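Engineer: Before we start, here is the structure in question, set down as structure tokens.
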Amino acid sequence: MSACHERRVRIPTNGFGDVIGVALLAVALLLLVAQLSFDRYDISFFRDPHNKPIHNWIGPLGAYLAWGSFLPLGLVPISCRRCSPFSARRIC
């Protein structure tokens with residue numbers, strides 16, 4: 001066969017990848033809304049009794065998801081700021 005007559009390989013397409021993409025986009029949007037409406041007093045760990053009604057727009061699940069995602073995502077900027085050459089006091 002010459003280069004002009006090569007067989008093209010068809011990749012079967014199905015909607016499963018699209019469904020996964022839409023589901024991940026929905027979860028990311030819910031997490032964004034939960035973080036934007038985060039109030040630390042919605043969680044009983046910080047204050048007893050906690051806010052009634054809960055101020056988070058997603059509800060109690062959103063309050064805990066936002067708090068749980070702030071913990072690991074918030075440590076990175078704090079640690080980078082302390083080791084930054086532009087900070088006033090370097091710890092590292």
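Quick note: the coordinates plus some simple rules give every number you see, no bench work behind them. Keep in mind the model is a prediction, meaning the values are calculated, not measured. Note that we place each Cβ from the backbone using ideal geometry, even for glycine, and neighbour counts take in every protein chain shown.
Engineer: Report the FRET efficiency, 1/(1 + (r/R0)^6), for residue 14 and residue 61, where r is their Cβ-Cβ distance and R0 is 35 Å, rounded to 0.05.
Structural biologist: The pair residue 14/residue 61 has a calculated efficiency of 0.65.
Engineer: Give me the distance in nm between label points sitting 7 Å out from Cα along the Cα-to-Cβ direction at residue 44 and residue 28, one decimal.
Structural biologist: Taking the two extended label points, one gets 3.5 nm.
Engineer: Beta carbons within 10 angstrom, averaged per residue: use that to sort the peptides 26-39, 53-66, highest first.
Structural biologist: 53-66, 26-39
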